[in-house]
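Quick note: the coordinates plus some simple rules give every number you see, no bench work behind them. Everything numeric in this text was worked out from a predicted model, so none of it was measured. Methodologically, a virtual Cβ is constructed for each residue, glycine included, from the backbone with ideal geometry; neighbour enumeration extends over all protein chains shown.
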Amino acid sequence: MAPVLLSTPALVISTSQLGESDLLVTLFSLKAGKLKAVAKGAKRSKKRFMNALEPFTEIIASLAKSRPQAMWRLDSVSISDNHETIRADYPRFVLGNLCLELIDLWHKEEVQDRNAFDLTRWYLAMLGTSRSPLETSLIFQTRLLKHAGLLPELTVCSSCGNVPATGPVCYARGTGEIFCRECKNDRPGSLSLGTLRCLEFLSSAEFANIDRLRLASWQLVEGWHYIKHLHCHHLGREPVSYRFVEIDNKKQRVNA
Ligand SMILES: [Zn+2]
């Protein structure tokens, strides 16, 4: 049987040791979604893959497998962008890791997802710029939820269907559905109308227009807790990387 060959742009999510000299590499690829591949000899000789197997690195990966059910073998790589600026700055590094963990958790293996790939590539590129890394991360997380169909309707009350005229609104624990002041009963979650409108804008605006939006730091904190809550609820656990991001105003390790 002829081997299956694949050449694709990909982002390195993680690596782990495999035996004496090999690495098991998890990639998020344009053409085949998330996939795992064996990099023969990569542990013994970093030169073999030109240090391209560090997390965040954007590569063109050449892969092969002997038959459709076999494991991918990573034959060669070329680096498109090593995203050194993310690795060199702790706040960006923490937020970049959160991105890779979310991509890993949200995606099944070998299911192509071009929109999520483009979003992740956009995010890693933006994370290397001077734009607020927390705000950029909130945009990424919000759009990832929307792409998965799990971002609730943010413009109208999910009970009465009216557009909330005054804030703050409440949201249901779990699904995050929005309730206006008249319908909120005793639900605990609270969001200002301003934060809600910002989230709606950054979930749906063209990438080129997102730069126009700047969130106040309290909106960033409110929005962050809401979006994090949704990710944790739908994944059924808290991604480990969230623990390294201290978002609250009083104790803000990552600068907004
Ligand atoms: Zn209502």
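Mind listing whichever residues of the stretch 191-231 are part of a helix (DSSP H, G or I) and more than 27 Å from Cys160 (Cα to Cα)? Give the derivation first.
Residues of the stretch 191-231 part of a helix (DSSP H, G or I): 193-204, 207-210, 217-231.
Passing the criteria: Phe207, Ala208, Asn209, Ile210, Ser217, Trp218, Leu220, Val221.
Pairs under 8 Å by beta carbon, first residue free of Cβ contacts under 8 Å to residues at least 24 places away in the same chain in the stretch 227-243, partner crowded, with 16+ Cβ neighbours inside 10 Å and outside any helix (DSSP H, G or I), six or more apart or different chains?
Short answer, once both residue conditions are applied: Cys232/Pro239.
Exactly one of (1) touching a Phe, Trp or Tyr at 6+ places or on another chain (Cβ under 7 Å); (2) within 16 Å of the ligand (Cβ to nearest atom) is unmet by Leu213. Its number?
Of the numbered conditions (1) touching a Phe, Trp or Tyr at 6+ places or on another chain (Cβ under 7 Å); (2) within 16 Å of the ligand (Cβ to nearest atom), the odd one out for Leu213 is (2).
Kindly provide the set of residues from the stretch 159-171 that are surrounded by fewer than 17 Cβ atoms within 10 Å (Cβ to Cβ) and out of contact with any strand residue (DSSP E or B) (no Cβ under 6 Å at 6 or more places or on another chain), ordered by number.
As a first pass, look at the stretch 159-171 and keep what is surrounded by fewer than 17 Cβ atoms within 10 Å (Cβ to Cβ): 159-163, 165-167.
Within the stretch 159-171, Cys160, Gly161, Asn162, Val163, Ala165, Thr166, Gly167 qualify.
Cβ-Cβ distance below 9 Å, separation of 6 or more or different chains: which pairs start in the stretch 156-171 with a residue that is within 19 Å of Ile227 (Cβ to Cβ) and end on one that is near the ligand (Cβ under 10 Å from one of its atoms) and of a type in the set (Phe, Trp, Tyr)?
Ser158/Phe179; Pro164/Phe179; Val169/Phe179; Cys170/Phe179; Tyr171/Phe179
Among (1) surrounded by 15 or more Cβ atoms within 10 Å (Cβ to Cβ); (2) under 30 Å from Arg114 (Cα atoms), which single condition is Gly189 missing?
In the conditions (1) surrounded by 15 or more Cβ atoms within 10 Å (Cβ to Cβ); (2) under 30 Å from Arg114 (Cα atoms), Gly189 misses (2) alone.
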